[in-house]
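Quick notes on the structure that follows.
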Amino acid sequence: MSLSAKRESLTRIHGRYQRAGRAHKTRILDEFCATCGYHRKSALRLLHRPLAAPTARARPGPKRTYDPSVLLPVLKIIWLSSDQLCSKLLRAALPEWLEHYEHQHTPLPDEVKEKLRAISPAQIDRLLRPARVGQSRKGLSATRPGTLLRHQVPTRGGPADTSQPGAVAVDTVAHCDDTTAGDYVNSLTFTELFSGWTENRAVWNQSSHAILAQVKELEASVPFVMTSFHRDNGSEFLHWPLHEYLTGRRWQVPWTRSRAYRKNDNAHCEQKNWTHVRQLLGYERFGPPQLVPRLNDLYGQEWSQSQNHFRPTFKLEKREKKGGKTVKTYEKKPQTPYQRLLASGRISEATKERLRSEHAGLNPFVLKKSIEKKPQNFFTALGNLDRESTKT
């Protein structure tokens, strides 16, 4: 008989034995010895002593420093509110997010705050392992080669200049579901390469005038001076209105294009298509043009503030060849685009003061609630418009 079975039999018989008379105790003792195989003297010692409470087996190894029952509730709320940052980026974002967590939820003991500030990325991965989610499906590419200004716009030679603010890369994301036929909404991604500052705007059907209007608006609103303009070979950018806007001014803005079929030439912007568009909106088809103002209301306010002020990113420091392999070295401490612009000497003090004033009035948890609410209203409007178009 196993040890657990013997323990269960002792628990069941012990109470009967304590309550029984002398004659009955003998029969209970015989039954217990026959069932468990104990010697009578050993059985008597077990039945006469008080029944000890079962003790949990101690966990082997050293004592836990980061108790999941204490840290995981806080860590999970911050992780979900930060759009599920990877552990290395979440580690860099924790100090600022903890301050807002206490204002939004509840004050934390000093011991818990110290552990969360000292926690390693590997430990964050271990704690968050049960909460990880899978990846979504992949969308379609709507980039079509443009030939109108292909010879007037040069390809960029070598990697992009990320040492000073001002270099901009742009791209579009098609919200077309599983077919590019017909008309639908597109998202314009506007990324500054030094800081990673990214703005998004919705445009209807990639029209040249809509693209130009959004580029003008973004250039006027971003906290840096645009010094160069790079995009892929899509026909939505290779048109005369944009060409005249960039080259017809007194101080011309150099604009370049990627090499044909070399998607990595626009890698800084391509990665933002996933983190800033697909993670937020998914892969559904946005057909009605009435959705453009609703989407721009989200892109231009809460989404921009959340991504640029509270989402740190890694920046590549150097790339070198070693033994036939390319070794990339990234900065040790990731920063937000807001922090990189404040540290730059090319940004005016007036602009920095405006950024600080805006940052002081922001709360990432409040922004997250608004970001969750506005897409719900957006998709409700999408469903209503789709039903109306089906009826007609």
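The values are calculated or read from the model by the stated rules, or taken from the named source; none is laboratory data. Because the structure is a prediction, the values reported are computed rather than measured. Glycine gets a Cβ as well: all are built from the backbone with ideal geometry, and neighbour counts include every protein chain shown. Note: areas computed on protein heavy atoms with side chains; ligands, DNA, RNA excluded. Shrake-Rupley method; radii C 1.70, N 1.55, O 1.52, S 1.80 Å.
General observations
- Within the stretch 345-365, the residues that satisfy the criterion of being in contact with a helix residue (DSSP H, G or I) (Cβ under 9 Å, 6 or more places away or on another chain) and either closer than 23 Å to Pro95 by Cα or open to solvent by 80 Å² or more (accessible area, probe 1.4 Å) (or both) are Lys352, Leu355, Arg356, Glu358, His359, Leu362, Asn363, Pro364, Phe365.
- When restricted to residues that are polar (S, T, N, Q), open to solvent by 60 Å² or more (accessible area, probe 1.4 Å) and within 21 Å of the chain's Cα centre (by Cα), the stretch 366-392 contains 1.
- From the list Ser235, Ser207, the lone residue that is surrounded by fewer than 20 Cβ atoms within 10 Å (Cβ to Cβ), farther than 23 Å from Leu341 by Cβ, touching a residue at least 40 places away in the same chain (Cβ under 8 Å) and of a type in the set (Ser, Thr, Tyr) is Ser235.
- Conditions (1) at pLDDT 90 or above; (2) under 16 Å from Val366 (Cα atoms); (3) not hydroxyl-bearing (Ser, Thr, Tyr): number failed by Leu90: (2)
- Taken as a whole, the structure places Leu193 among residues that are more than 30 Å from Leu385 (Cα to Cα), buried (at least 21 other Cβ atoms within 10 Å of the Cβ) and within 28 Å of the chain's Cα centre (by Cα).
- Evaluation of Ile124 against (1) assigned to a helix (DSSP H, G or I); (2) modelled with pLDDT under 90 (one fails), failing number: (2)
- Of all the criteria given as (1) open to solvent by 30 Å² or more (accessible area, probe 1.4 Å); (2) touching a strand residue (DSSP E or B) at 6+ places or on another chain (Cβ under 6 Å), the one not satisfied by Leu291 is (1).
- Gly300, sole failed condition from (1) open to solvent by less than 70 Å² (accessible area, probe 1.4 Å); (2) of a type outside the set (Val, Ile, Thr); (3) free of Cβ contacts under 8 Å to residues at least 24 places away in the same chain: (3)
- A single member of Val215, Val170 is assigned to a strand (DSSP E or B) and open to solvent by less than 10 Å² (accessible area, probe 1.4 Å), and it is Val170.
- Scoring His151 on the criteria (1) modelled with pLDDT of 90 or more; (2) open to solvent by 30 Å² or more (accessible area, probe 1.4 Å); (3) not charged (D, E, K, R) leaves a single failure, condition (1).
- Summed over the stretch 1-24, the residues that are touching a helix residue (DSSP H, G or I) at 6+ places or on another chain (Cβ under 7 Å), open to solvent by 30 Å² or more (accessible area, probe 1.4 Å) and under 13 Å from Leu46 (Cβ atoms) give a count of 1.
- Scanning the stretch 303-341 for residues being among the hydrophobic types (A, V, I, L, M, F, W, C) and surrounded by fewer than 14 Cβ atoms within 10 Å (Cβ to Cβ) gives a total of 2.
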